[in-house]
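Inspection log for the structure reproduced underneath, given as C-alpha cells.
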C-alpha cells in the first residue's frame with residue numbers, strides 16, 4: 001500500500017494499480033479486467049478514481065492506454081478499451097434557431113442566478129421548455145436521485161473494433177430528473193458546466209433500470225444550461241442491449257433572454273475599445289492557453305457564489321489539475337478571476353469586474369467579454385479581417401503575430417495559437433445564435 005495515498009493524484013494512483021495488477025496485459029488477453037473497490041482503495045478513494053463524466057477528466061495514464069472504466073456493481077468495476085463517451089455538438093452552427101422563452105414572474109426564481117443543476121431543471125419545467133421540446137402536455141416530476149440499477153447485460157464497442165459483453169449486478173446510478181407525461185417516461189441528465197462530451201452511462205444505466213419497470217416508452221434527455229442558454233438533446237438506443245447504439249434524435253436551444261447580436265454591435269464594441277499590448281515582459285499574467293470561451297463562462301458562473309481551490313475547479317469542470325491553472329489564468333487575462341490565500345489554501349474567486357460581468361444579461365455580457373478580449377492587441381487586427389471576410393485566420397498567421405508581439409515563449413506558441421483561434425471563433429459565432 002502506498003505510504004501517502006492521501007497525496008497521490010488519480011493519475012499516479014492508476015499508474016500504480018495498472019502496474020500492480022498487470023492490467024494492460026489482462027485487457028490485451030481477455031478484453032477487460034474486473035477490479036474491486038477495495039483494490040482501488042489501497043491507493044486512493046474509489047469515488048475519486050472511477051467517475052469521469054467527460055474525457056477531459058480522464059487521468060493521462062488511462063487516456064494514453066485507451067482504458068475506460070464502468071461500474072458493474074456497488075463495489076466493483078470493469079476496465080477495458082471501451083468506447084464510453086458521446087460528443088456534444090458545439091454551439092456554433094449558423095442554422096441554430098434559438099427559441100426565446102418568457103418565464104412567469106416568481107419572486108423565488110432569479111433567472112440571472114441559476115446556479116445548480118436542480119435549479120436549472122426547475123426552470124425547464126416552470127418555463128414550459130421541456131414540454132415544448134418533447135412536444136407533449138404537462139411533464140410531472142415523479143422520480144430522481146440515487147438508485148440501484150438492477151441486473152442486466154449489454155455489449156459495448158471497443159478501440160479494438162469488437163464488442164465486449166458487460167454484466168451489471170445492481171450498480172448505482174443517479175438520475176437528475178425523472179418525469180412522466182401522458183405518452184412517455186422521461187429521464188434527464190442535467191449539466192450546468194460545458195463539456196465537449198458526456199459519459200453515455202449517465203443515460204444508459206437509468207434507461208436499462210426503467211425500461212423494464214414501465215410500459216410507456218422512455219425518452220432520454222441530456223440538458224446543458226450555461227450562459228443563459230439551455231441546450232436540450234434527445235437520445236435513444238437503437239438496440240436496448242447495445243450501449244454503443246446511442247443516437248441523437250433531435251436537439252434545440254432555448255434562451256430566457258434576447259440572444260440577438262449583430263455585426264454592428266460587434267463593430268461598435270471594437271470602435272470604443274482601447275487596445276493594449278501583450279508583451280510578456282510587461283506582465284506577470286501568462287498568455288492564454290484555454291481554447292473554450294464557453295468553459296471560461298461556465299467557470300465564471302460557478303465561481304459567483306462559490307470561490308474554489310484549483311482542485312475543486314478541476315473536479316467541477318472535469319479538468320486535470322493543470323487545466324484549472326490554464327482556465328484561471330485565462331480569466332485573469334481578462335480581469336475576471338483572482339486568487340487569494342484562505343487558511344493556507346489558494347482560493348480562486350471573481351474580481352469586482354468578474355461579478356459585474358456575471359450580473360449582466362446575455363447580450364451585455366457577451367459584448368463586455370468581446371470588449372475585454374479586444375483590449376488585447378493580438379485580437380484586434382484578426383478581429384477586423386475576420387469580420388470583413390468572414391474567415392478565421394489560419395494558425396500559422398496567428399503564430400507569426402504572436403511572435404511579433406512577443407506574447408509568450410517560442411515553445412508555447414503553437415499550443416496557444418489554438419486558444420487565440422478558439423476565442424476568435426467564439427466572437428465570430430455570436431451573430432449566429
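What follows draws every value from the coordinates through simple rules; no lab data is involved. In this text the structure is predicted, and so the values were computed from the model without any measurement. Here the Cβ positions follow ideal geometry from the backbone for every residue, glycine too, while neighbour counts run over all protein chains shown.
By DSSP, what percent of the beta bridges with both residues in the chain are antiparallel, rounded to the nearest 5?
Expressed as a percentage, antiparallel bridges in the chain total about 80.
Evaluate the distance, in nm, between pseudo-label points positioned 7 Å from the Cα of residue 215 and of residue 60 along their respective Cα→Cβ axes.
5.6
Report the extension gain between residue 351 and residue 272 in nm, rounded to one decimal, defined as 0.36 nm multiplied by the number of residues separating them, less their alpha carbon distance.
Taking 0.36 nm per residue and subtracting the Cα distance, the gain is 26.2 nm.
Once you have a ≥ b ≥ c as the square roots of the Cα gyration tensor eigenvalues for segment 350-433, tell me rounded if a/c is under 1.5, and otherwise prolate or oblate according to whether a/b is larger than b/c.
oblate
Starting with the highest mean, order 378-386, 325-333, 242-250 by the number of other Cβ atoms within 10 Å, averaged over the residues of each peptide.
By packing density, highest mean first, the sequence is 325-333, 378-386, 242-250.
Separation between the residue 397 and residue 184 pseudo-spin-labels, each 7 Å from Cα along Cα→Cβ, expressed in nm?
Result for the modelled spin labels: 4.5 nm.
When the chain is treated as a GNM, springs tying every alpha-carbon pair under 10 Å, which of 89, 307, 321 comes out with the largest mean-square fluctuation?
In the Gaussian network model the winner is 89.
Write down the Kirkwood hydrodynamic radius of segment 322-388, to one decimal in angstroms, obtained as one divided by the mean of 1/r over all alpha carbon pairs.
Hydrodynamic radius (Kirkwood, Cα pairs) of segment 322-388 is 13.4 Å.
Run the numbers for residue 159 and residue 360: contour at 0.36 nm per residue of separation, minus the present Cα-Cα distance, in nm.
67.9 nm
Evaluate the relative contact order of segment 87-255 (contact order divided by residue number), counting alpha-carbon pairs under 8 angstrom at least 6 apart; express in whole percent.
Across segment 87-255, relative contact order equals 22 percent.
Taking only Cα atoms and a 10 Å spring cutoff, compute GNM fluctuations for the chain and point out the largest among 341, 314, 190.
With Cα springs under 10 Å in the chain, the top fluctuation among 341, 314, 190 is at 341.
Rounded to the nearest 500, what is the 222 nm mean residue ellipticity of the chain from helices alone, with -39500 (n - 2.57) per DSSP H run of 4+ residues and division by all residues?
One gets -11000 deg cm²/dmol as the mean residue ellipticity at 222 nm.
Which distance in nm do the two modelled labels at residue 339 and residue 51 give, with both placed 7 Å along the Cα-to-Cβ direction?
About 2.7 nm separates the two model spin labels.
Quick one: among 238, 29, 344, which has the greatest mean-square fluctuation in a GNM of the chain with alpha-carbon springs under 10 angstrom?
Ranking 238, 29, 344 by mean-square fluctuation puts 344 first.
Tell me, 273, 153 in order of fewest to most beta-carbon neighbours within 10 Å?
Final ranking by Cβ density, sparse to dense: 153, 273.
How much length is gained if the chain between residue 384 and residue 20 is pulled fully straight, taking 0.36 nm per residue apart and subtracting their Cα-Cα distance, in nm to one decimal?
Using 0.36 nm per residue and subtracting the Cα-Cα distance, I get 125.4 nm.
Two decimals is fine: what is log10 I(q)/I(0) at q = 0.17, 0.19 Å⁻¹ for segment 286-433, from a Debye sum with one equal scatterer on every Cα and no solvent?
Debye curve over Cα of segment 286-433, log10 I(q)/I(0) at q = 0.17, 0.19 Å⁻¹: -0.99, -1.19.
Which order do 233, 337 fall in if you start with the one that has the fewest other Cβ atoms within 10 Å?
With the sparsest Cβ surroundings first, the list reads 233, 337.
Angle between the Cα long axis of helix 395-405 and the longest principal axis of the chain, 0 to 90 degrees, nearest 10?
Orientation of helix 395-405: about 50 degrees from the principal axis.
Average projected area of the Cα convex hull of segment 87-255, in nm²?
The number I arrive at for segment 87-255 is 10.7 nm².
Compute the acute angle (0 to 90°) between the alpha-carbon long axis of helix 410-429 and the principal axis of greatest extent of the alpha-carbon atoms of the chain; round to the nearest 10°.
Value to nearest ten degrees: 90.
Take every Cα pair under 8 Å in segment 5-81 that's 6+ residues apart, average their separations, divide by the length, and report that relative contact order as a whole percent.
Answer for segment 5-81 is 38 percent.
Compute the Cα gyration tensor for segment 5-81, then decide on rounded, prolate or oblate, letting a ≥ b ≥ c be the square roots of its eigenvalues: rounded whenever a/c is under 1.5, prolate when a/b is larger than b/c in the other cases, and oblate in all that remain.
It comes out rounded by the Cα gyration axes.
Of the DSSP beta bridges with both residues in segment 87-255, give the percent that are antiparallel, rounding to the nearest 5.
DSSP beta bridges in segment 87-255 are roughly 75 percent antiparallel.
To the nearest 10 degrees, how steeply does helix 377-389 sit against the main Cα axis of the chain, on a 0 to 90 scale?
80
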